[in-house]
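In what follows, a structure is listed as structure tokens, so that the remarks can point back to it.
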Amino acid sequence: MAKIVVFGASGKAGKEIAAVAEARGHEVTRIGRDPGVQAAAEVAAGHDVAVSSVADLSRDAAEFYREAASALVASGAGRIIVVGIYTLLETSPDVRVIDGPDFPDEHKPFCLGHAAGVEVLAESEADWLVMSPSGNFGGTPTGRYRLSEVDPADELTYEDFAVALVDEIDNPKHRRTQIGVASA
């Protein structure tokens, strides 16, 4: 079984991810709030997997997500899995949802902040994966999911997303990329 640290374990996604991982017998360290960049790197050190499902809406999103990704890379955790957002999924090669002409300007800073964190991961040598719902969180839990292209109309529950994420921990199939997860 893996030794997993879940940052954001008091939030909706993190709580479910930690619960599924524990139910499967993994050793889980739950971190409920942002412990600070240095502390995050120290806490994640020695873990097989570091999962990040954090946000700090009081800070500049790009600064926060760059620092969070840098701390995870610096920790030396065996694998990094970040809970992402569907607006960074591609609608066609090299064109993300956020790049569309009708994407609302008021949402761009938060989304580009997430993208800045992904860039830090991509520039590193770390084993990382960003997993995003293909649309929004919502719906009724089914215990099932599927990998999917972006679909803003799709509703995936936190419970089903957690199953998908822990399945990826148990049986890694995707590395150094972002994938979308949809309801099944």
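So here's what we get for this one:
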read-out	value
Pairs with Cβ under 9 Å, 6+ apart, first in the range 54-75 and closer than 19 Å to Ser10 by Cβ and in contact (Cβ under 8 Å) with a residue 24 or more places away in the chain, second among the acidic types (Asp, Glu) and crowded, with 18+ Cβ neighbours inside 10 Å	Val54/Asp34; Ala55/Asp34; Phe64/Asp34; Ala68/Asp34
Members of the range 110-125 found to be open to solvent by 20 Å² or more (accessible area, probe 1.4 Å) and either in contact with a strand residue (DSSP E or B) (Cβ under 8 Å, 6 or more places away or on another chain) or aliphatic (A, V, I, L, M) (or both), listed by number	Leu112, Val118, Val120, Ala122
Some residue of the range 76-96 being in a helix (DSSP H, G or I) and over 15 Å from the mean Cα position of the chain (by Cα)	no
Test: residue in the range 111-123 that is under 18 Å from Arg175 (Cα atoms), touching a Gly at 6+ places or on another chain (Cβ under 8 Å) and in contact (Cβ under 8 Å) with a residue 60 or more places away in the chain	yes
Residue among Glu168, Glu149, Glu90 that is touching a residue at least 60 places away in the same chain (Cβ under 8 Å), among the acidic types (Asp, Glu), farther than 28 Å from Asp60 by Cα and open to solvent by 20 Å² or more (accessible area, probe 1.4 Å)	Glu149
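The values are calculated or read from the model by the stated rules, or taken from the named source; none is laboratory data. Here the structure is a predicted model, which is why all the values come from computation and not from measurement. Cβ atoms come from the backbone with ideal geometry, glycine included; neighbour counts cover every protein chain shown. The accessibility values were calculated without ligands, DNA or RNA, using every heavy atom of the protein model including side chains. Shrake-Rupley method; radii C 1.70, N 1.55, O 1.52, S 1.80 Å.
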